[in-house]
Amino acid sequence: MGLIFGSGSFARYRVEGPLPEDYLEQFPERISRFTFRNIDEASEQERSAGWVNIMDMFDNRLSAMEYLKEPCIALSWRVDVRKVPSKALKRYCREAEEKIKESEGLEFLSRKRRLEIKERVQVELIKRVIPRAQTYDMIWNLPASTVIFGSVSNNLCDEFAEFFMQCFGLHLKPVFPYYAAFEVVRKEGMDPALVDSLRPSLWEVE
Amino acid sequence: MQLLERVGSTEFIGREFLAWLWFKSETGEGSFPLGEAGSVELWYDGRIVLQSDQDDRDEKVICLGDTSRSREARFALAERKAVTEAKIRLSIGDNEWSFILDATWLNFKSFKTPRVVQDDKEDPDGLFYEKFYLIEQALSALDAVFSSFIKLRLSADWEARELPALLQWVGEGK
């Protein structure tokens with residue numbers, strides 16, 4: 001369940017750099033280049049990620065610019081992954097190795113040969129795996145230059161920030177306590193160096 | 001300085017913020033003005049994670065249940081463990097939100113807004129805007145409280161008044 005339809009977890013970002021003046025012309029093309037594409041079942045592809053409608057994870061056409069919800073751009077980042085279960089891979093590899101040993105009259109197979117078999121079995125099995133789909137909501141408040149992203153996993157957040165940069169050409173900066181403190185000081189017209197001068201105080205004075 | 005290095009060297013800011021919030025809510029000062037928007041009330045509710053601020057970084061104390069009655073949580077705080085995660089309830093007027101706030105990244109987990117009554121079939125945009133407004137309202141309120149903390153933390157009042165009171169309250173947990 002995403003942020004809109006239920007409860008969820010999220011990280012916050014600040015978008016660095018100004019919003020392009022022609023974003024209404026520029027973004028539809030950029031978004032459509034990065035919409036979600038289904039994994040081709042006949043391929044060896046293990047993963048696919050891209051934008052879908054925040055209100056409907058199966059809508060990746062976004063034909064009516066449904067993502068433009070003034071003053072926001074709201075999309076879901078859909079990530080489909082298919083992975084061969086490790087035990088199944090092991091079983092099919094062993095069966096394939098036994099067949100080869102029997103047909104070639106071998107007692108042992110070299111490491112190189114076993115790796116080749118593993119790769120071949122992996123390619124055969126991956127086509128039979130149904131992808132697991134996850135969506136992560138993204139709400140970009142354009143005038144505030146803030147983004148909330150529906151995950152707190154460090155790896156996923158890093159990957160998302162990279163994807164966002166590729167799509168929109170803008171960097172995301174995570175809002176963590178130091179950065180949030182820095183923003184407070186800047187808004188108040190205080191010296192930003194004050195934040196750098198902060199030292200732990202709770203346990204220093206006793 | 002690299003991002004992760006910066007996050008690590010300044011994580012005490014988030015930890016002190018969570019400890020200060022706990023102190024304020026337990027001493028009847030958990031209400032903060034929001035200007036024209038009225039005021040926001042925050043209190044700890046049900047889950048708190050404490051971790052050594054010094055070397056034993058793997059040692060965690062996780063307390064569930066009624067935080068205000070949790071002697072274990074207060075004892076851990078008095079024993080120099082820092083608050084790294086806490087479940088917080090936030091109320092503005094009749095609306096109430098709950099979430100787990102993380103001290104290192106200021107991330108939100110299990111974020112729940114007040115119930116939204118819009119029908120997503122009839123009016124999907126209405127549902128989006130109501131939810132968005134509720135998320136933004138809570139974030140703005142929390143930002144305002146964080147801002148109050150930072151301004152206080154950078155002022156002379158911190159050393160003169162707030163920190164001694166906070167330390168006294170922490171010490172009472174033993």
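How big is the gap, in Å, between the Cα center of region A:137-204 and the Cα center of region B:109-161?
16 Å
Quick check: the angle from helix A:177-187's long axis to the longest principal axis of chain A, C-alpha only, nearest 10 degrees?
Between the helix axis and the principal axis of chain A, the angle is about 30 degrees.
Specify the residue with the greatest mean-square fluctuation among B:A141, B:A76, B:A37, computed from a Gaussian network of chain B linking alpha-carbon atoms under 10 Å apart.
Among B:A141, B:A76, B:A37, the largest mean-square fluctuation in the Gaussian network model of chain B belongs to B:A37.
Please enumerate, by chain and number, the lysines with C-alpha under 22 Å from the C-alpha of A:K90, excluding those fewer than 8 residues away in the same chain.
A:K99, A:K101, A:K112, A:K118, A:K127
Pairs of Cα atoms under 8 Å, at least six residues apart: use those to get the relative contact order of region B:3-171, whole percent.
On the way: 234 pairs, mean separation 33.1, N = 169.
The normalised contact order for region B:3-171 reaches 20 percent.
If you average the sequence gap of Cα pairs under 8 Å that are 6 or more apart and divide by the length of chain A, what percent do you get for the contact order?
Contact order relative to length: 29 percent.
Angle, helix A:23-33 long axis vs. longest principal axis of chain A, Cα atoms, 0 to 90°, nearest 10?
The answer is roughly 10 degrees.
Express the relative contact order of region A:134-206 as a whole percentage, based on alpha carbon pairs under 8 Å and six or more residues apart in sequence.
Answer for region A:134-206 is 13 percent.
Select from A:L68, A:L115, A:L125 the residue whose mean-square fluctuation is largest in a Gaussian network model of chain A (Cα-Cα springs shorter than 10 Å).
Among A:L68, A:L115, A:L125, the largest GNM mean-square fluctuation belongs to A:L115.
Mind checking Rg over Rh on region A:70-201, alpha carbons, Kirkwood formula for Rh?
With Rh from the inverse mean 1/r over Cα pairs, Rg/Rh is 1.28.
Return B:D102, B:D143 ranked ascending by Cβ neighbour count within 10 Å, so the fewest neighbours appear first. Mind showing how you got there, number by number?
On the way: B:D102 21, B:D143 16.
Fewest to most other Cβ atoms nearby, the residues stand as B:D143, B:D102.
Among B:T104, A:T135, rank each residue by its count of other Cβ atoms within 10 Å, from fewest to most, as a rough exposure measure.
If I rank by nearby Cβ atoms, fewest first, I get B:T104, A:T135.
Rounded to the nearest 20 debye, what is the charge dipole size of region B:3-171 about its Cα centre when +1 sits on each Lys and Arg Cβ and -1 on each Asp and Glu Cβ?
For this selection, approximately 500 debye.
Number of Lys pairs in chain B with C-alpha atoms less than 24 angstrom apart, excluding same-chain neighbours closer than eight positions?
Lysine pairs satisfying the spacing and distance rule in chain B number 22.
Within chain B, which DSSP H helices have Cα atoms that stretch 30 Å or more along the helix axis and a mean Kyte-Doolittle hydropathy of at least 1.6?
none
Would you list A:V147, B:V7 from fewest to most Cβ contacts within 10 Å?
If I rank by nearby Cβ atoms, fewest first, I get B:V7, A:V147.
Remind me, what semi-axes does the protein assembly as shown give for its equivalent ellipsoid, largest first in whole Å, using sqrt of 5 times each Cα gyration tensor eigenvalue?
Rounded to whole Å, the semi-axes are 44, 29, 20.
Check A:H171: other-chain or 5+ apart residues with amide H under 5 Å from its amide H, H built from backbone geometry?
So A:H171 has HN proximity to A:E16.
With the Cα gyration tensor of chain B in hand, convert its eigenvalues to equivalent ellipsoid semi-axes via √(5λ) and list them largest first in whole Å.
Working from the Cα gyration tensor, I get semi-axes of 30, 18, 17 Å.
Using C-alpha positions alone, give me the convex hull volume of region A:86-126 per residue in cubic angstrom.
So the per-residue hull volume is 62 Å³.
The numbers here are math on the coordinates, done by the rules we state, and not lab data. Just so we're clear, the structure is a prediction, and the values are computed from it rather than from any experiment. So basically every Cβ, Gly included, is an ideal-geometry build from the backbone, and we count neighbours across all protein chains shown.
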